[in-house]
Amino acid sequence: MTDRQSKILQAIVEQYAEVASPVGSSLLAKVFDVSSATVRADMAELEKLGFITQPHTSAGRIPTDAGYRHYVNQLAGASLIEPLNERRAQRALSARVSGGGLPENTIRNTVDTLVELTHNLGMATIGDQLYMSGLSNLFGQPDFMRANQVREVARLLDNLQPWLHETAPNEPLSVYIGRENPIGRGAGCSLIISRFRSPFSDRSYIGVLGPTRQSYRSVMDLVERAGRTLEEALYV
């Protein structure tokens, strides 16, 4: 993949997250100051590599799970300047967590704040306890229109806690995109979770579940920050 193709993929992921409609070559040609033919050639190569696909009803392209994975991997290795709105969201999260009071309230405040800031479903699991909020946010997304897809989401949620208990992801931040999810593989969801240390359990997680089409940079940062901030608040 060339450098321009990588940047075109990034633009497709971010534009699709924002407008929820396939991204065409004419828009990208303006962004990169090249001809539409040049962009179409790059898009054809990205499609050949399996990173984007063309819905049959549109001339534009959308990312595949592999495209999202490439994008997320690039984010993990990059040092990015945070936009002002992201810094504000981070400060709001830190304020809500630090002012939670009792541990249960702190955890609930953190999950509720993630729901408000990401518009996804938020959850926290500490040992055998699971707190979940924002289900209406999840099913209010335009990505969940098919009945079988909704069933897959419900299946994922029903099995989320035992799966976390069994597999115990050990990274500070784990991202499971679309069919990478071992449960509910057809749900078209991404699970972004942070493991954090807790005085109540050695298997404590906080995170969000949303459509694969989302703003990964800001959501990943908020979830990781939520885990770190919860650790600090619960060990005071």
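Just so it is clear, none of the values below were taken in a lab; they were calculated from the coordinates. Keep in mind the model is a prediction, meaning the values are calculated, not measured. FYI the Cβ positions are ideal-geometry reconstructions off the backbone, even for glycines, and counts take in every protein chain you see.
How do LEU222, LEU156, LEU135 line up, fewest other C-beta atoms within 10 Å first?
The most exposed by this proxy come first: LEU135, LEU156, LEU222.
Before anything else, pin down the relative contact order of the chain: Cα pairs under 8 Å, at least 6 apart, normalised by residue count, whole percent.
It comes to 19 percent, rounded to a whole number.
Take each of the peptides 149-155, 194-200, average the number of other beta-carbon atoms within 10 Å over its residues, and list them starting from the highest.
194-200, 149-155
I'm a student and want to see the number: the projected area of the Cα convex hull of the chain, averaged over all directions, in nm². Don't skip to the answer; put the middle values down first.
Details: hull surface 52.3 nm².
Averaged projected area of the chain's Cα convex hull equals 13.1 nm².
Over the chain, what is the percentage of antiparallel beta bridges among all DSSP beta bridges, to the nearest 5?
If I count the DSSP bridges inside the chain, around 100 percent turn out antiparallel.
Calculate, for SER201 and GLN10, the FRET efficiency according to 1/(1 + (r/R0)^6) with r their C-beta to C-beta distance and R0 45 Å; round to the nearest 0.05.
0.75
Quick one: order TYR235, TYR176 by neighbouring beta-carbon count within 10 Å, fewest to most. Mind dumping the intermediate values first?
Numbers: TYR235 9, TYR176 20.
Least crowded to most crowded, the residues run TYR235, TYR176.
Taking 0.36 nm per residue of separation and subtracting the Cα-Cα distance, what length does fully extending ASN170 through SER21 add? Walk me through the numbers before you get to the answer.
Details: separation 149, 0.36 × 149 = 53.64 nm, distance 3.51 nm.
Residue separation times 0.36 nm, minus the Cα-Cα distance, leaves 50.1 nm.
Using only Cα atoms, figure out Rg for the stretch 3-64 and give it as a multiple of 2.2 N^0.38 Å.
The value comes to 0.97.
Tell me, how many Å apart are the Cα centres for the stretch 174-228 and for the stretch 90-148?
Between the Cα centres of the stretch 174-228 and the stretch 90-148 lies a distance of 11 Å.
For the chain, what is the calculated [θ] at 222 nm in deg cm²/dmol (nearest 500), taking -39500 (n - 2.57) for each run of four or more DSSP H residues and dividing by its residue count?
-17000 deg cm²/dmol
Please work out how much length the chain gains when fully extended from ALA154 to GLU116, using 0.36 nm per residue of separation minus the C-alpha to C-alpha distance, in nm with one decimal.
Details: separation 38, 0.36 × 38 = 13.68 nm, distance 2.11 nm.
Full-extension gain reported as 11.6 nm.
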